[in-house]
Amino acid sequence: MSSLQVPLYSANGESLGQFDLPEPIFAAKGSLRVLHEVIVALQANQRRGTSMTKTRGLVSGGGRKPWKQKGTGNARAGSIRSPLWRKGGIIFGPQPRSYRTDLDQTRRLIALQTALGEKVKASELGVFESMTFDLSKTKEAQQFLKKAGITGNTLVVVDRPDLKVTRAFENIKSIKLVDAAQVNAWQLMACRKVYFTKAALDELSKRWPKG
């Protein structure tokens, strides 16, 4: 079997043999370094950055010197809110900030291409001819997954949002749905298995510049 061939399934989840992946996307060498950088940046971009501790200037009280400078036998102290004191301020504690890292389109695509290649190498990628559900019921989706032999944490990539498909999968916690225009490297690497519809592969190819 070619390294660019993956399992193909019908709209009912039945095995149809092998599918030849498009070489321009899946045969590229990619870069594990860029993949790591992009995943770290995508994770950082999810952080709210709202953690905060009070410095000695923000803790209430402590405006008066607790005792005179000399003659008491105690160490010198200027405020009971010193970071050295119990209930004092925090030294170098977290302050609200943005963790956002800007990612250019080129690096995003290199990381995505690398992630796709890694999934193919690990035999963790498959293709569906199409995906449609008549009643948009969870039972339909479960029967489909059972017939295709799909278990565990799985990412399903479709060409565009479909309400019936979304409703069918929304109660299955192990399945994550995303459309091809939005899928990123982090989503791919976070799931054990990845499945594309044929239409999603066509939509995915549009994200790369022509020529």
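The values are calculated or read from the model by the stated rules, or taken from the named source; none is laboratory data. Remember, it's a predicted structure, so these values are computed and weren't measured experimentally. Virtual Cβ from ideal backbone geometry, glycine too; neighbours counted across all protein chains shown.
For region 108-126, the criterion of being part of a strand (DSSP E or B) and either touching a Phe, Trp or Tyr at 6+ places or on another chain (Cβ under 9 Å) or closer than 30 Å to Lys164 by Cβ (or both) is satisfied by at least one residue.
When you look at Ala181, is it crowded, with 16+ Cβ neighbours inside 10 Å and either at pLDDT below 95 or touching a strand residue (DSSP E or B) at 6+ places or on another chain (Cβ under 7 Å) (or both), yes or no? No: the conditions fail for Ala181. Criterion first (part of a helix (DSSP H, G or I) and either modelled with pLDDT of 90 or more or among the hydrophobic types (A, V, I, L, M, F, W, C) (or both)) does Gln95 satisfy it? Against the criterion (part of a helix (DSSP H, G or I) and either modelled with pLDDT of 90 or more or among the hydrophobic types (A, V, I, L, M, F, W, C) (or both)), Gln95 does not qualify. The residues of region 38-50 that are under 18 Å from Val183 (Cβ atoms) and not aliphatic (A, V, I, L, M), listed by number, are Gln43, Asn45, Gln46. Name the single residue that is nearest to Ala190 (Cα to Cα) among those in region 132-154 being in contact with a helix residue (DSSP H, G or I) (Cβ under 6 Å, 6 or more places away or on another chain) and either crowded, with 20+ Cβ neighbours inside 10 Å or among the aromatic types (Phe, Trp, Tyr) (or both). Only one residue tops the list, namely Ala141. Strands (runs of 3 or more DSSP E) fully within region 145-209 that include at least 2 residues being β-branched (Val, Ile, Thr) and in contact (Cβ under 8 Å) with a residue 60 or more places away in the chain: 193-197. For region 11-30, check the following and say yes or no: at least one residue is in a loop (DSSP other than H, G, I, E, B), basic (Lys, Arg) and modelled with pLDDT of 90 or more. Within region 11-30 (the criterion being in a loop (DSSP other than H, G, I, E, B), basic (Lys, Arg) and modelled with pLDDT of 90 or more), the answer is no, since none of the residues qualifies.
Scanning region 105-117 for residues that are surrounded by fewer than 20 Cβ atoms within 10 Å (Cβ to Cβ) and either among the β-branched types (Val, Ile, Thr) or not assigned by TED's automatic domain parsing to the domain that holds Phe26 (or both) returns a single hit, Thr106. If you go through region 83-104 and keep only what is surrounded by 13 or more Cβ atoms within 10 Å (Cβ to Cβ) and touching a helix residue (DSSP H, G or I) at 6+ places or on another chain (Cβ under 8 Å), you end up with Thr101, Leu103. Quick one: in region 127-141, which of the residues that are in a loop (DSSP other than H, G, I, E, B) and among the small types (Gly, Ala, Ser) is farthest from Asp162 (Cα to Cα)? Among those residues, the one meeting the criterion is Ser130.
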